[in-house]
Amino acid sequence: SKAAQVAFKAVILGAPGSGKGTISSRIVKQFNVNHISSGDKLRFHIANKTMLGKEVQRYLESGGLVPDETMIALISTEIVHIDNHNWLLDGFPRTVAQAEALQKIHPVSLVINVDVPDSVIIERIKNRWIHLPSGRVYNVGFNDPKVPGKDDVTGEPLSQRPDDRPEIVQARLREYASKTKPVIDYYKKRNILKSFVGKTTDSIWPDIQIYAKKHL
Ligand code: ATP
């Protein structure tokens, strides 16, 4: 593979519950790239009660977005610490201001847009369980853990995200429509965005795989 020679600087976009987290894990597993999930990072800080965690908790609880300056500082630091320069950003950028900031420091080479109907998303989030320390995601009836309620790797208990409650999910979808959809247009104009439309992760994964391979 050419993975070691060419830098892979990618962004994955998708509504809450679109499956972008699951798709990211598959990309990371198959190709030699670092996964940077803004949501996982924030939840880690909240769980560990860091200063940043305390600052951002209320935004996650309400389904609103964390201020741009905070997110840009957090993600720039993460990217700087990556040695092989191959990364996949998941959950960032989420606003045009974040996309502009990223483009200035670390230009993006490809953007994967996961496009799933809202009706599918709402059903999916209801059945979602996560292992908080690792960010591993399970879906009841589709991607079940081997032992109900337990993480496959560590055996630790799974939990539901507090922001997966229906009224908070609505707020997250509204934030997505008003603030993140413009990011799609931002990358479209630069001809680096490709959309993958479907109802299930398995139905769009083969095309994403081919597309990602072309860029390595
Ligand atoms: P899913 O995990 O289902 O794809 P999501 O995209 O809403 O859903 P995360 O990316 O984990 O979930 O984000 C969870 C929350 O973290 C957001 O609702 C927001 O409050 C905060 N957040 C994460 N990334 C950003 C960002 N780039 N800018 C602002 N807030 C963010």
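The table below lists the values:
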| quantity | calculated |
| --- | --- |
| Cβ-Cβ under 6 Å pairs, at least 6 apart or on other chains, the range 93-104 side more than 15 Å from ALA73 (Cβ to Cβ), far side assigned to a helix (DSSP H, G or I) and away from the ligand (no atom under 12 Å from the Cβ) | VAL96/PRO182; VAL96/TYR186; ALA99/TYR186 |
| Hey, LEU42 within 7 Å of the ligand (Cβ to nearest atom), open to solvent by 30 Å² or more (accessible area, probe 1.4 Å) and under 17 Å from the mean Cα position of the chain (by Cα) or not | no |
| Given (1) out of contact with any Asp or Glu (no Cβ under 8 Å at 6 or more places or on another chain); (2) modelled with pLDDT of 95 or more; (3) crowded, with 19+ Cβ neighbours inside 10 Å, index of the condition LYS49 fails | (3) |
| Qualifying position, being under 29 Å from PRO206 (Cα atoms) and either surrounded by 19 or more Cβ atoms within 10 Å (Cβ to Cβ) or more than 18 Å from the chain's Cα centre (by Cα) (or both), among VAL153, VAL137 | VAL153 |
| Residues (open to solvent by 30 Å² or more (accessible area, probe 1.4 Å) and among the aliphatic types (A, V, I, L, M)) located in the range 193-216 | LEU193, VAL197, ILE210 |
| Selection count, the range 140-150, where residues are of a type in the set (Lys, Arg) and surrounded by 12 or more Cβ atoms within 10 Å (Cβ to Cβ) | 1 |
| Filter result (within 12 Å of VAL116 (Cβ to Cβ) and part of a loop (DSSP other than H, G, I, E, B)) within the range 174-207 | GLY198, LYS199, THR200 |
| Breaking point among (1) more than 14 Å from the ligand (Cβ to nearest atom); (2) crowded, with 18+ Cβ neighbours inside 10 Å; (3) acidic (Asp, Glu), for ASP185 | (2) |
| Neighbours by Cβ (under 6 Å, 6+ apart or cross-chain): first from the range 112-130, farther than 10 Å from ASP164 by Cα and in contact (Cβ under 8 Å) with a residue 24 or more places away in the chain; second among the polar types (S, T, N, Q) and exposed (fewer than 14 other Cβ atoms within 10 Å of the Cβ) | none |
| Selection status of SER76, over 25 Å from SER195 (Cα atoms), open to solvent by less than 40 Å² (accessible area, probe 1.4 Å) and of a type in the set (Gly, Ala, Ser) | yes |
| Residue list for the range 46-88, filter: small (Gly, Ala, Ser), farther than 16 Å from ALA10 by Cα and more than 10 Å from the ligand (Cβ to nearest atom) | ALA47, GLY53, ALA73 |
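The values are calculated or read from the model by the stated rules, or taken from the named source; none is laboratory data. No experiment lies behind these values; they were computed from the predicted model shown. Quick reminder, even Gly has a Cβ in these numbers, built from the backbone with ideal geometry, and neighbours come from all protein chains shown. Keep in mind that these areas ignore ligands, DNA and RNA; they rest on the heavy atoms of the full protein, side chains included. Shrake-Rupley method; radii C 1.70, N 1.55, O 1.52, S 1.80 Å.
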